[in-house]
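As structure tokens, the structure follows; a few thoughts come after it.
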Amino acid sequence: MSDEEIEKGLTLDKKTIEVLVAQVIPTSKYFEVRFDHMQDQINGLRYDLKEFKGDVGKRFDSMNADMNQRFERVDQRFDSMKADMDQRFERVDQRFDSMKADMDQRFAQADKRSEQIIASIDRLTDKLDHRDEKQRSFTLRMFTISISISVAGVLGVFLKIFGVF
């Protein structure tokens with residue numbers, strides 16, 4: 001090949017340049033296809049995101065419902081425990097009331113017995129006072145008799161000393 005042929009082959013004509021440019025530089029159709037493809041991908045992502053949001057929302061709704069049920073069960077347990085505790089406190093109150101009534105009755109019996117004991121002591125005191133009065137008068141009579149006998153004995157001794165007997 002000669003230089004001329006090589007130079008002719010290296011020389012590009014207008015049509016060849018257009019074909020090369022068309023192949024190397026993308027056309028607007030290429031960009032439109034690429035943008036359409038990207039838009040489809042974006043739309044797919046948006047759809048997936050909406051579905052994900054919906055799934056998450058459903059999960060949160062189901063979790064909320066589950067938590068509400070659990071809290072309701074806890075509330076029911078507390079209510080039943082409260083009712084049970086109320087019943088227990090009522091029974092304790094009843095026991096205290098019955099114990100109070102029993103204690104009041106026992107104190108009333110103790111008061112009654114104390115009054116009976118006091119009355120018995122008063123009767124015994126009266127009897128002892130009456131007996132003391134009888135004993136005092138008896139003792140005075142005996143003392144008078146013994147003094148009289150002693151006086152009579154002393155008188156007899158005087159009479160004997162003076163020779164009256």
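For residue 126, indicate whether it is part of a helix (DSSP H, G or I) and open to solvent by less than 80 Å² (accessible area, probe 1.4 Å). Taking the combined requirement at face value, the residue does not satisfy it.
Could you please let me know if residue 31 is aromatic (Phe, Trp, Tyr), within 49 Å of the chain's Cα centre (by Cα) and surrounded by 10 or more Cβ atoms within 10 Å (Cβ to Cβ)? Against the criterion (aromatic (Phe, Trp, Tyr), within 49 Å of the chain's Cα centre (by Cα) and surrounded by 10 or more Cβ atoms within 10 Å (Cβ to Cβ)), residue 31 does not qualify.
For the criterion of being open to solvent by 100 Å² or more (accessible area, probe 1.4 Å) and assigned to a helix (DSSP H, G or I), residue 81 passes. Scanning segment 98-136 for residues that are within 59 Å of the chain's Cα centre (by Cα) and hydrophobic (A, V, I, L, M, F, W, C) gives 99, 101, 103, 107, 108, 110, 117, 118, 119, 121. Within the bounds of segment 120-136, is there any residue that is of a type in the set (A, V, I, L, M, F, W, C), modelled with pLDDT under 90 and touching a helix residue (DSSP H, G or I) at 6+ places or on another chain (Cβ under 6 Å)? There is no residue in segment 120-136 that is of a type in the set (A, V, I, L, M, F, W, C), modelled with pLDDT under 90 and touching a helix residue (DSSP H, G or I) at 6+ places or on another chain (Cβ under 6 Å).
The values are calculated or read from the model by the stated rules, or taken from the named source; none is laboratory data. On a predicted model such as this, the values are computed, not experimentally measured, just so you know. Note: ideal-geometry Cβ built from the backbone for every residue, glycine included; neighbour counts use all protein chains shown. We work out accessible area using only protein heavy atoms, side chains counted, and drop any ligands, DNA or RNA first. Shrake-Rupley method; radii C 1.70, N 1.55, O 1.52, S 1.80 Å.
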